[in-house]
Amino acid sequence: MTGDTTVAELVQRQWGDHRTGLRHEDLVLSHHQVASGAAARAALLADLLPRGAEPHLGILLDNTPEFPLWISAAALAGAAVAGINPTRRGAELARDILHTDCRVLVTERAHLPLLDGLELPGVRLLVTGPDNPDYAALLAPYEGAKPGEAAALSGRPVRPDSRLLLYFTSGSTGAPKAAICSQGRLAAAGASLVAHFGVRQDDVHYICMPMFHGNAVIADWAPALAAGASVALRRRFSASGFLPDVREYGATYFTYVGRAVQYLLATPRRDDDRAHSLRLGFGTEAGAVDAARFEERFGVRLVEGYGSSEGGAAVQRTPGTPRGAVGRAAPGDDLAVVDPSTGEECEAARFSAEGRLLNGDRAIGELVNRGRNPFEGYWRNPEADAARVRGGWYWTGDLFFRDADGFLYFAGRTDDRLRVDSENLAAAVIENILARWDAAAGVAVYAVPDPVAGDQVMSALALRDDTAFDAAAFGAFLAAQSDLGTKMAPRFVRIVRRLPVTATNKIHRAALRRESFRCSDPVWWRPAGEATHYRLLTGEDVAALLREYETHDRASLLDR
């Protein structure tokens, strides 16, 4: 979905609006001051970006006011922003900056050590911050510029199709791909969420997810900008700081990704957990169980949405959406769940009276968009473009199943599919079941190779504070789950203090798969022939398993 409005126009609308527009720690800026600050930076950018080069700047910052100010400045100047992930290191970090053709890199003193020793030819470093007099002096000649004047200085046309964001996908394998987002698509996404959630000017959007990732910018900042609502920034996500921030800022809306909701639920309960102004949380991968726990404890509804980061497909929650479902296809999308090996549409999901998915091996497939979609490609990566759009369809890379009424259910990434005893399983389905166990604070399910053929199910469990793993209780819990299929019970259970996550709080399954059962954490397992009886995996057990892999010439699969 790409509209006729540009982000630059939305920034200019803030001019003259003296209501609170942005808060961060002790700093308070009005909407007018935000627009003024963006104009000054846009005017500076017109001088910093070399003529004839790609008008790209990288932003290597935590969630400080400089981040939205520079996105706004880029919009005014017809430039594009690449969000640079500060958890990347060395050659990988340099690769991200150079791959996106950044001519200017905006950073802060705290991140300067990350750049030590990196070869970044042609990249000008701009160190921001109130404690940097050089930065203040650099900006000073441009203070007082108006948004329209600053836009004219760049000499670049600003249109809805003008490139604005180059944001890296958060995949944990291979080099990240930089997805392109235009001004029109970002503005339209913001307007769509304003309409869907009834965002008002007096709302306060709390941004605690990292702004180098698409979630915070597209789902949190953009609707605030479109509605004229204010924004409150948290430098980095903090579970313990979440409610104090919400109360201080009067926040009404926030977004989340991955394990953030689990971290909030793991904080100690307090009598005043419901004493706040929040009315809505919007995000992905919280899971139905944790979403219900969150609403029961904090009194806040979580809306699980789905939108491909690249913009190629969207699922919207509508009235009557069943428990566990994400929703139906957004208007204009022709979504289908297909078998990627044949391209044929999968059969509708069938459920038992208890809600158990009965035909997962035939109902789970990859979600595709067969209609027009606003996917704008990856930056200089034609191979990735071709993999994403095949046969005229947009392939999301995500697993779903669909019920007879057209409601869609998320079942994980395509690389989270498991094949156990010739039956296809989806990690997210099993995770949702295991998350019901009261002792579990976090759950990850992933495939490890079977010594003979296919996969075995392995789970990593983070337990609630002061809780030890009780193998008998866990086995009894599994036996009591009516929707746990006969192939779904984990063969291996790894007990971790905390689940490993990517920089965007998504489970780092690639790392878990690589370590498999050969890790330093305690691992419990079910020997062959056992249904739900677990015992501790010993060194002798590991040696015996490895011999079995060697016998069947599958030991190399453990290292992938």
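Evaluate the distance, in nm, between pseudo-label points positioned 7 Å from the Cα of D334 and of E143 along their respective Cα→Cβ axes.
So the label points at D334 and E143 sit 5.7 nm apart.
Ignoring everything except DSSP H segments at least 4 long, calculate the 222 nm mean residue ellipticity for the chain; use -39,500 (n - 2.57) per segment, divide by total residues, nearest 500.
-8000 deg cm²/dmol
Order 194-200, 32-38 from most to least packed using the mean count of other Cβ atoms within 10 Å.
Per-residue Cβ counts within 10 Å, averaged per peptide and sorted highest first, yield 32-38, 194-200.
Given H placed 1.01 Å from N in the peptide plane, which residues other than close sequence neighbours of G397 have an amide H under 5 Å from its amide H?
Counting only residues 5 or more places away or on other chains, the set is L367.
When DSSP beta bridges are limited to those with both residues in the range 421-559, what percentage is antiparallel, rounded to the nearest 5?
That works out to approximately 75 percent antiparallel.
Would you mind counting up the charge near A462? Only other residues with Cβ under 11 Å from its Cβ, with Lys and Arg at +1 and Asp and Glu at -1.
Combined, the nearby Lys, Arg, Asp and Glu give +3.
Along the range 369-380, what does the Karplus equation 6.51 cos²θ - 1.76 cosθ + 1.60 (θ = phi - 60°) give for ³J(HN,Hα), rounded to whole Hz, x for Gly and Pro?
These are the phi-based 3J(HN,Hα) values: 10, 8, x, 5, 9, x, 4, 10, x, 9, 5, 6 Hz.
Which ³J(HN,Hα) values in Hz, rounded to whole numbers, follow from the phi angles of the range 299-311 under the Karplus curve 6.51 cos²θ - 1.76 cosθ + 1.60, where θ = phi - 60° and Gly and Pro get x?
Residue by residue, the range 299-311 yields x, 10, 6, 9, 9, 7, x, 9, x, 4, 3, 7, x Hz.
Between the range 1-41 and the range 303-358, how many Å separate their Cα centres?
Taking the Cα centre of each part, the range 1-41 and the range 303-358 sit 36 Å apart.
How would you rank 381-387, 493-499, highest first, on the average number of other Cβ atoms within 10 Å across their residues?
493-499, 381-387
Using θ = phi - 60° and the Karplus form 6.51 cos²θ - 1.76 cosθ + 1.60, what ³J(HN,Hα) does each residue of the range 383-389 get, whole Hz, x for Gly and Pro?
Per residue, the Karplus-derived 3J(HN,Hα) values read 5, 5, 4, 5, 6, 7, 10 Hz.
Given the range 353-473, what percent of its DSSP beta bridges are antiparallel, to the nearest 5?
Rounded to the nearest five, the antiparallel share is 100 percent.
Please report the antiparallel percentage of DSSP beta bridges with both residues in the chain, rounded to the nearest 5.
Of all bridge pairs located within the chain, approximately 55 percent are antiparallel.
In degrees between 0 and 90, to the nearest 10, how far off the longest principal axis of the chain does helix 66-77 point, with axes built from Cα atoms?
Relative to the chain, helix 66-77 is tipped by roughly 60 degrees.
Taking amide H atoms as placed 1.01 Å from N in the peptide plane, list the residues 5 or more away in sequence, or in a different chain, whose amide H sits under 5 Å from that of G442.
Residues meeting the criterion, in which the H sits 1.01 Å from N, are A462.
Give me, ordered by chain and number, the residues 5 or more places off L164 or on other chains with an amide H under 5 Å from its own placed amide H.
C181, S182, Q183
Once you list every other residue whose beta carbon is under 12 Å from the beta carbon of V11, what net charge do they have if Lys and Arg are +1 and Asp and Glu are -1?
The answer is +1.
Every read-out reported here was derived from the displayed coordinates using simple, explicitly stated rules and does not represent laboratory data. Since we're looking at a predicted model, the values are computed, not measured. We place every Cβ from the backbone using ideal geometry, glycine too, and count neighbours over all the protein chains shown.
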